[in-house]
C-alpha cells in the first residue's frame with residue numbers, strides 16, 4: 001500500500017462526513033427545529049419544547065442510527081458476496097436471502113388478513129415484531145438452503161444460479177399470496193418492500209443496533225479468508241484455505257447481516273452492490289483489511305445521505321428509501337467508475 | 001548436488017470418482033520426480049495432464065495407488081502443512097483488479113502469516129527476494145491487471161517462490177505467451193532448480209522448448225501411461241519419435257528435435273557455405289525442393305560467388321540469372 005497516507009486521509013474525511021450527516025439528519029425534516037435547539041436537545045441542555053425533544057429522540061435519532069448501521073451492514077455483506085463469488089454484480093440480495101425475508105413477511109402480512117381476519121396494519125407494535133421475526137425466519141431458511149447447497153455443488157457459478165432461482169421461487173410464491181389477499185394487506189406488504197429506515201422505533205432500534213454492533217466486528221474476522229478467496233479456488237486452496245468451510249462462513253456471515261437489516265428496514269437495494277465498487281475505486285485496493293472498514297464507513301455515510309434526501313422538507317411524509325438509494329447512488333457510482341477508467345488510461 | 005526423489009508415484013490411478021463407477025483417466029503410473037531437476041510433462045490435449053497435476057497437488061483424490069511426497073503419503077498431509085510443501089501456478093487466469101504485484105507475491109506468505117495476514121519484516125524480505133529472482137522489480141508496484149500475460153505469469157511464479165515450498169507445480173506456464181517470454185519462463189524455472197533445491201514439475205505443449213531445457217521428460221499417452229527419462233535417452237530408444245509419430249512430423253536425430261516432414265518433388269544442386277547456404281536450403285525445403293552439394297541436377301545455385309553479389313542460378317539451356325534475395329530466387333524457380 002503505497003498511498004497509506006492518502007487512504008488514512010480519506011477515512012478521516014469520511015468519518016467527518018458521517019458526523020456532519022448525522023447532525024444534518026437531526027436538523028432537517030418536515031418540522032423546522034433551529035440548529036441551536038437541536039444541539040441543546042442532543043447535549044441535554046436548556047429548556048426546549050417537549051414536542052421537539054420527542055421529534056429528535058423518538059423519530060430522527062433512531063432513524064439516523066438505523067440508517068447508519070443498516071448502510072454499514074449491507075455494504076459489508078455486499079463486499080463479502082462480491083468476493084466469494086468473484087462477481088462484480090453480486091450483492092446482498094443475490095442469493096435470494098432478501099427474497100426469503102420478503103416471503104416471510106408476505107406470509108405474515110397476507111395470511112393474517114385472510115385467515116385471522118385482522119389486518120396486520122392495525123396491530124401496531126405486535127405487528128412490527130411479527131414482521132421482523134417473519135423476515136428473519138424467511139431469510140435464514142433461504143440461507144440454510146444455500147449453505148446446504150454450497151456443500152453439494154462445486155462451482156461458484158452454480159451456487160449463484162441456485163441462489164437466483166430460490167429468489168425467483170420466493171417471488172413466485174409471493175405473487176400467489178398477493179393474488180389471494182385483500183387490498184389493504186397488499187398495500188402494507190408493498191410499503192414494507194419499499195424499504196425504510198423510519199420503521200424501527202424505540203426498543204426495537206436498540207435491539208437492532210446491538211445485534212449489528214456485535215455482528216459487524218465478527219465479519220471482520222474473515223479478512224484473511226476473503227483476501228485468499230479473491231485469488232480463486234485453486235490458489236486459495238494451495239495457500240492452505242479450506243475452500244468449502246471458507247465459503248460457508250462468508251455466505252453465512254453475509255447472509256445473517258442481510259437478514260437482520262432486511263427484517264428491520266425492508267429490502268434496501270443498491271447500497272450493498274454499489275458501496276464495494278465505490279470503495280475499490282476510491283481506495284485503489286483489493287485488500288480486505290482496508291476494504292472492510294472502508295465499506296463500513298462508506299455504507300454508513302451513503303445511507304445517512306440517502307435518508308436525509310428522502311426526508312427533505314418538501315417531500316412530505318418521506319420518500320421510499322429504495323428510490324433515493326438508486327436515484328442518487330447510481331449516477332455517483334457510474335461517475336466514479338468512469339473517472340477511474342480515465343485515470344487508468346492515462347497511466 | 002544430489003538428486004532426491006521428492007515425489008514418488010506408485011501404481012497410481014488418476015481420474016474422477018463417480019457414484020456408481022470411477023472414470024479412470026490414467027492407470028498404473030509409476031515414476032518419480034527429482035529435486036534439482038526441471039521435469040516437463042508432455043502429452044496431447046485430454047490425455048490427463050491437468051488431472052495428474054491436480055491429483056499431485058491434492059486438489060482431487062487419487063483413485064488407487066500411492067503418492068509419496070518427501071517419503072510421506074500425500075493423504076497424511078494436512079491442508080496447512082501442504083501449503084508449505086507444494087506451491088502451484090495454475091492455468092486459470094486470475095483477473096484480480098486493484099492488486100499490486102507486490103501484494104500478490106505477499107499472498108504467497110499466507111501459510112506463514114497470522115490471523116489478519118499481516119506481513120512481518122522477514123516476510124517482506126522474502127517477498128522482495130522472490131520478486132528479484134524472477135526479474136520483475138520494475139513491475140513490483142504495478143497493478144496486476146495492467147500487466148501482460150508473460151509478466152503476470154512471472155508474478156505468479158514469484159508468488160510460488162514466496163511460498164518457500166520445496167515443490168512447485170506449474171500447469172502450462174508457457175501457454176498464451178509469446179516466444180521470447182516462453183523461453184524466458186522456461187530458463188527461469190531451469191535456473192531455479194539449479195540455484196535452489198526445488199523440485200519443479202510442469203506440463204507444457206511447447207515441445208521444442210521442453211526438449212531443449214528440461215532435465216527430464218514425462219511422456220503421457222493413453223496406451224503406455226507415462227514414460228520418463230532425459231530427452232536424449234528418450235530420443236535414443238525411439239520413444240520420442242514414436243510418441244509424436246504422425247504424418248508431417250519427423251524426429252531429427254541430429255538435433256534431437258522435431259521438424260516438419262518434407263516431401264521433395266525435385267532436386268537442385270546447391271553450392272556455397274555458411275548461413276547463406278543454410279538459409280537457401282531451408283527455403284527450398286519448404287518449397288519441396290531438396291538441395292545439396294553432391295546432387296546431380298540440371299539447375300545449380302551458387303550462394304557465395306566471389307565476383308558477384310546475390311545468388312546465381314545456372315540453367316542448362318538458358319543464361320544464368322542473378323537473384324538479390326531469397327524471395328527473388330524462389331520467384332525465378334517457380335517460373
Handout entry: Candidates A:302, A:296, A:273, filtered to the one that is modelled with pLDDT of 95 or more and crowded, with 23+ Cβ neighbours inside 10 Å
Key = A:296
Exercise for the section: Name the one entry in B:255, B:320 that is assigned by TED's automatic domain parsing to the domain that holds residue B:53 and farther than 30 Å from residue B:26 by Cα. Expected result: B:255
Practice task
Tell me, please, whether a residue that is touching a helix residue (DSSP H, G or I) at 6+ places or on another chain (Cβ under 7 Å), part of a loop (DSSP other than H, G, I, E, B) and under 30 Å from residue B:155 (Cα atoms) can be found in segment B:187-203.
Solution key: yes
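Okay, residues lined up against (1) at pLDDT 95 or above; (2) under 14 Å from the mean Cα position of the chain (by Cα); (3) surrounded by 20 or more Cβ atoms within 10 Å (Cβ to Cβ):
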{"residue": "B:154", "(1), (2), (3)": "no, no, yes"}
{"residue": "B:170", "(1), (2), (3)": "yes, yes, yes"}
{"residue": "B:173", "(1), (2), (3)": "no, yes, yes"}
{"residue": "B:176", "(1), (2), (3)": "no, yes, no"}
{"residue": "B:180", "(1), (2), (3)": "no, yes, no"}
{"residue": "B:185", "(1), (2), (3)": "no, yes, yes"}
Fill in the blank from the handout: Checking B:296, B:327 in turn, the sole residue that is part of a helix (DSSP H, G or I), at pLDDT 85 or above and loosely packed, with under 15 Cβ neighbours inside 10 Å turns out to be B:327
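Rundown of residues vs (1) more than 23 Å from the chain's Cα centre (by Cα); (2) touching a residue at least 60 places away in the same chain (Cβ under 8 Å); (3) surrounded by fewer than 16 Cβ atoms within 10 Å (Cβ to Cβ); (4) farther than 19 Å from residue A:140 by Cβ, yes/no style:
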| position | (1), (2), (3), (4) |
| --- | --- |
| A:183 | yes, no, yes, yes |
| A:189 | no, yes, no, yes |
| A:202 | no, yes, yes, yes |
| A:205 | no, yes, no, yes |
| A:217 | no, no, yes, yes |
| A:254 | no, yes, no, no |
Problem - Matching residues in segment B:105-125 - criterion: being more than 8 Å from chain A (Cβ to nearest Cβ) and not in a loop (DSSP other than H, G, I, E, B) - result: B:105, B:106, B:121, B:122, B:123, B:124, B:125
Practice task
Kindly indicate the residue of segment A:75-89 that is under 12 Å from residue A:273 (Cβ atoms) and crowded, with 23+ Cβ neighbours inside 10 Å and also farthest from the chain's Cα centre (by Cα) among those meeting that condition.
Solution key: A:82
Practice task
State yes or no: is residue A:307 without any contact (Cβ under 8 Å) to a residue 12 or more places away in the chain and buried (at least 24 other Cβ atoms within 10 Å of the Cβ)?
Solution key: no
Handout entry: Hits in segment B:94-104 - residues which are assigned to a loop (DSSP other than H, G, I, E, B) and either more than 10 Å from every other protein chain (Cβ to nearest Cβ) or buried (at least 20 other Cβ atoms within 10 Å of the Cβ) (or both)
Key = B:99
Exercise for the section: Look at residue B:77 and say whether it is free of Cβ contacts under 8 Å to residues at least 40 places away in the same chain and either assigned by TED's automatic domain parsing to the domain that holds residue B:197 or surrounded by 16 or more Cβ atoms within 10 Å (Cβ to Cβ) (or both). Expected result: yes
Completion exercise
Being under 24 Å from residue B:150 (Cβ atoms), touching a residue at least 24 places away in the same chain (Cβ under 8 Å), away from chain A (no Cβ under 11 Å) and in contact with a strand residue (DSSP E or B) (Cβ under 7 Å, 6 or more places away or on another chain) narrows B:68, B:42 down to just B:42
Fill in the blank from the handout: Subset of segment B:80-93, residues out of contact with any strand residue (DSSP E or B) (no Cβ under 9 Å at 6 or more places or on another chain) and either away from every other protein chain (no Cβ under 12 Å) or surrounded by fewer than 18 Cβ atoms within 10 Å (Cβ to Cβ) (or both), comes to B:80, B:81, B:84, B:93
Problem - helices (runs of 4 or more DSSP H) fully within segment A:163-232 counting 2 or more residues that are more than 14 Å from chain B (Cβ to nearest Cβ) - result: A:183-194, A:202-219
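The values are calculated or read from the model by the stated rules, or taken from the named source; none is laboratory data. Computed from a predicted model, the values in this text were never measured in an experiment. Because the Cβ atoms are built from the backbone with ideal geometry, glycine has one as well, and the counts that use them run over all protein chains shown.
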